[in-house]
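Beneath this line is the structure, given in structure tokens, with notes to follow.
A short reminder: the numbers here are calculations on the coordinates, not readings from a lab. Since this is a predicted model, take the numbers as computed values, not measurements. Quick reminder, even Gly has a Cβ in these numbers, built from the backbone with ideal geometry, and neighbours come from all protein chains shown.
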Amino acid sequence: MQPNGDPTPARASGLEQRALALWPRLDLKAIRRCAGDGRCIVRVVARRTALPADAIRCLLLLPPVSKDEVSTWFG
């Protein structure tokens, strides 16, 4: 846990951060053991959801969305 109370590891990769944001109840230790390996992260997430591995990979690899884009899309 970081000093500010954030449970995300301080040096988490973008994939780890996105996985934890999308699936907050993931096993943090298992995600850390993946060390940023996308295939490993997909396997960890696949144990917790009914989504196919390809869908999980696509969700993890989507480009980031800015706040302006969100307000444009969703008002």
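Results, tabulated for the structure shown:
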read-out: In range of the label at Asp27: residues from segment 43-72 whose backbone nitrogen is under 14 Å from the point 7 Å along Cα→Cβ; value: 43-49
read-out: Whole-Hz ³J(HN,Hα) from phi, Karplus 6.51 cos²θ - 1.76 cosθ + 1.60, for segment 17-33, glycine and proline x; value: 4, 5, 4, 5, 6, 7, 10, x, 8, 5, 6, 4, 5, 5, 5, 4, 5
read-out: Cα-based radius of gyration of segment 14-63 once divided by 2.2 N^0.38 Å, which approximates compact folds; value: 0.96
read-out: Net length gained if the chain between Ala55 and Gln17 were fully extended (0.36 nm per residue, minus Cα distance); value: 12.0 nm
